[in-house]
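Report on one structure; see the data block that follows.
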C-alpha cells in the first residue's frame with residue numbers, strides 16, 4: 001500500500017527524543033512532555049495518512065467507501081467483501097460517458113476481472129435488437145451476479161433488452177495407469193451469490209466408450225434468492241481418452257426498467 005509518510009521510528013516520541021541530548025532520557029519531566037507531544041503527532045500523522053490513502057480506491061477504508069457508494073447511488077448488499085465494493089465503485093466511475101460496447105466491457109471488466117464480448121443483434125422476426133454479452137470469469141475473482149445486473153441496468157437504455165452469459169472453462173487434469181492415459185475427471189465449481197428469479201436446476205454429461213473426446217455440457221440455473229454457495233458438475237470418460245472439452249455456460253436475461 002502506498003503511504004504518505006515514510007516512518008523511520010516506531011513513534012513520534014522516539015523520533016523527538018532522538019533530537020535531544022541523551023541525558024534528557026533520564027529527566028522525567030522532559031520524557032513526559034515529549035511523550036505527550038509524540039501522541040499528538042501520532043494522531044495527526046494517522047489522520048493525514050487516512051486522508052491520503054482514501055484518495056485512492058484500492059486503499060480506501062470502509063468509511064470512505066460508504067461515502068462513495070452513497071454518492072454513486074450503489075445499492076447496499078451485506079454479502080460484498082471490501083475488495084468487491086472497491087471494484088464495483090471502479091466500474092461505476094468508469095461508466096461515466098456515452099454508452100458503447102467498449103464502455104460496457106470496461107465497466108464489467110473492472111468488477112468481474114474479465115473482458116466481455118458484446119454484440120447488438122436482432123432477436124425476433126421484427127428485427128428488434130437485443131444486447132448479447134458473454135464473459136469468462138476468472139477463478140480468483142468473486143462477484144455478485146445481482147451487482148452485474150445493476151451495472152447493466154443503470155447503463156443500458158431501457159428499450160434494449162439484454163442477456164449476459166458467464167462461461168466457465170476449468171482445467172481437466174488427466175489420470176494415468178501405467179503409460180496410457182486412462183481417464184479424465186472434470187470438476188467445475190460455479191459461485192453465483194446474489195438475487196435472481198426462480199429457475200430450475202439441471203446438468204447433463206455425455207461420454208463414449210474408448211472415446212477420442214468427451215464433452216461435458218452443464219446447464220446451471222439457480223432457484224430463488226441464494227446466498228454464496230457452489231454448484232458442482234462432473235464428467236467422467238474411460239478408455240484411451242485423447243481429448244476432453246468442457247464448457248459450463250450460465251445465461252441470465254434482463255431488461256432495464
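Per residue, the convex hull around the alpha carbon atoms of region 58-102 comes to 90 Å³.
In plain terms, the bigger the Kirkwood radius, the slower the diffusion; for region 29-117, with that radius from Cα pairs, at 37 °C and 0.692 mPa s, Stokes-Einstein puts D at 211 µm²/s. Each of residue 72 and residue 56 was given a label point 7 Å from its Cα along the Cα-to-Cβ line. The distance between the two points is 1.8 nm. With a simple spin-label model that places each label point 7 Å from the Cα along the Cα-to-Cβ direction, the separation between residue 98 and residue 167 comes to 3.0 nm. Determine, at each q value in 0.22, 0.27 (inverse angstroms), the log₁₀ of I(q)/I(0) that the Debye formula gives when each Cα of region 1-59 is one equal point scatterer. Once normalised to I(0) and log-transformed, intensities are -0.84, -1.07. With kT/(6 pi eta Rh) evaluated at 4 °C and eta = 1.567 mPa s, and Rh the Kirkwood radius from Cα pairs, region 67-165 diffuses with a coefficient of 92 µm²/s according to Stokes-Einstein. The label point for residue 25 and the one for residue 10, both projected 7 Å from the Cα toward the Cβ, are 1.2 nm apart.
Just so you know, all these numbers are worked out from the coordinates, no wet-lab data involved. As the structure is a computational prediction, the values presented were derived from the model and not from experiment. As a convention, Cβ positions derive from the backbone with ideal geometry for all residues, glycine included, and neighbour counts pool all protein chains shown.
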